[in-house]
């Protein structure tokens, strides 16, 4: 019995040691073309939208990229990737504090004539579905195509304080979203269905005249009420 217990303990230790460390790539992932967008130590590869550096509200703590709203307001703003992406698969993990709200915005056109990332880029919602104030509309729930598609039948975030897994795929304008392994959206930018969704959303307004017009751009992590944490941000071009 003691020997069996010893072997079990040794086996568990071995499995733990073999578990992939956050913010790293396996040999298989490297071969498949994956690249890290966050090294777990610095904000290298990112900058605040329309600025050259990353604001002080965004910090690296314990291997996570953290948005901390308690920092001075001058250090705020969405952060965006230094590079632009067109056809890609993006994987990442996020978690939020109670009542928090954020988002993953992509195809962002960084230009001074656009004051915010969301004026040009669609968004995959990040939210505490239970206590965030922006939980009143079904298509505002976590994992949804913000203000356009999705509802509670597909939005299944883990409890506050736990990591959620995202897969966001864009290939020739075709979008597919997954949150925790559940598909939350599948559709084509510019299709009749897409145009109808836009027409019935906030993005039909005049300020959004260039919304989702280019299926290529920067990827943004959004500043919004509450704190958010991000890790294992990796991408491969398709």
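Side notes on the structure shown:
- Residue 98 vs. criteria at pLDDT 95 or above, under 21 Å from the mean Cα position of the chain (by Cα), closer than 17 Å to residue 164 by Cα and in a loop (DSSP other than H, G, I, E, B): yes
- Output for segment 207-238, where each listed residue is modelled with pLDDT under 95 and either assigned to a strand (DSSP E or B) or surrounded by fewer than 19 Cβ atoms within 10 Å (Cβ to Cβ) (or both): 225
- Within segment 26-35, the set of residues being surrounded by fewer than 16 Cβ atoms within 10 Å (Cβ to Cβ) and either modelled with pLDDT under 95 or not in a loop (DSSP other than H, G, I, E, B) (or both) comprises 27, 28, 30, 31, 35.
- Selection count, segment 115-146, where residues are in a loop (DSSP other than H, G, I, E, B) and either surrounded by 20 or more Cβ atoms within 10 Å (Cβ to Cβ) or out of contact with any helix residue (DSSP H, G or I) (no Cβ under 7 Å at 6 or more places or on another chain) (or both): 19
The values are calculated or read from the model by the stated rules, or taken from the named source; none is laboratory data. Being a predicted model, the structure only gives us computed values, none of them experimental. As a convention, Cβ positions derive from the backbone with ideal geometry for all residues, glycine included, and neighbour counts pool all protein chains shown.
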